[in-house]
Amino acid sequence: MHHHSVRPTRLLHMMALAAVVPLLVAAADYKIGAPPLRLLPSLTQAGEQKVMPGNIVAMSVLGRPDAAIIVEPVRLDQAGEQRAFARGMVLAAASVPGLPGDPQRVFCEEGKEGSIGKQMTGQMLFGLVGALRPTKLDTRYCLIDADGDSFFDHAFLVGAKGKGKLPYAIPKAEYGLIEGLPLGGDSMVKLRYAGSGGEKGSVSFDLEASGFGRMRPLPGARHTLSTVKLPAHEIIEGAVITLLAYDAKSGEATVIMNRDFAPGHIVLPEFAQ
């Protein structure tokens, strides 16, 4: 099934530039957060669903964080911190809250405490890197692919002082993206219909994550839709749900998932603990 879409190339270029330019301005103390987990193609039912409170309306398998394998060597020297990223080295994806332009592809060195990215991305990939880099670092370089073309184009140093911590342009360097590996342990994200919860004029849907035999409550997990004027729409972690009909007597709702969770990413600090 082919989707033909017109791609206004110039507009895309402008958008890509708009995403890159802000990388050079904001100066904040960046902190590396939990790695973004990939949402893998899932078991969500297509078309209309009639659901009762407690029913699952969408689910997606949780994947490991993406990783980048260096193809073209990268040399960095910022604020007296020199690094050489050799061909074949692997960096784990990271989320860096507040990064200007909110680039989707950010990959960082491992920190002093060892990285959750390493545990989740799989030890095998990182065996080699560990051998190359025995010391854990106070400052960590992150490489950014701001326009998503599989070439690193910016870098920044987490833990640096002053201007050293600003993202700066680097010569484009190719990398390979490792993606699509399941996290394991039956790890899933689910959207559950919770019904009205005794409230008039609205129904709720709860986002849940489960894995390794545990349920994790998620922050901001409850999403409420008004039943006053239907259809009603809501975007939840990239998924789009439409509430088509609601029967207040029985609690039955008719919904359709216009867009599934996958393909997408989700940051779950709970899983990183």
Cut-off under 5 Å, modelled amide H: who pairs with Gly33 long-range | Ser95, Val96
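For the peptides 140-146, 252-258, 41-47, what is the packing order when you average, over each peptide's residues, the other Cβ atoms within 10 Å and list the highest mean first?
140-146, 252-258, 41-47
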Within straight-line cross-link reach of Lys200, aspartates and glutamates at Cα separation under 20 Å, skipping those fewer than 8 residues along the same chain | Glu234, Asp247, Glu252
Surface accessible to a 1.4 Å probe, Arg38 within the full protein complex, Å² = 40 Å²
Got a sec to turn the phi values of segment 76-81 into Karplus ³J(HN,Hα) couplings, 6.51 cos²θ - 1.76 cosθ + 1.60 with θ = phi - 60°, whole Hz, x for Gly and Pro?
-> 10, 8, 9, 6, x, 9
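The values are calculated or read from the model by the stated rules, or taken from the named source; none is laboratory data. These figures come from a predicted structure and were not determined experimentally. Backbone-built Cβ (ideal geometry, glycine too); neighbour counts: all protein chains shown. Calculation scope for accessible area: heavy atoms of the full protein, side chains included, ligands and nucleic acids excluded. Shrake-Rupley method; radii C 1.70, N 1.55, O 1.52, S 1.80 Å.
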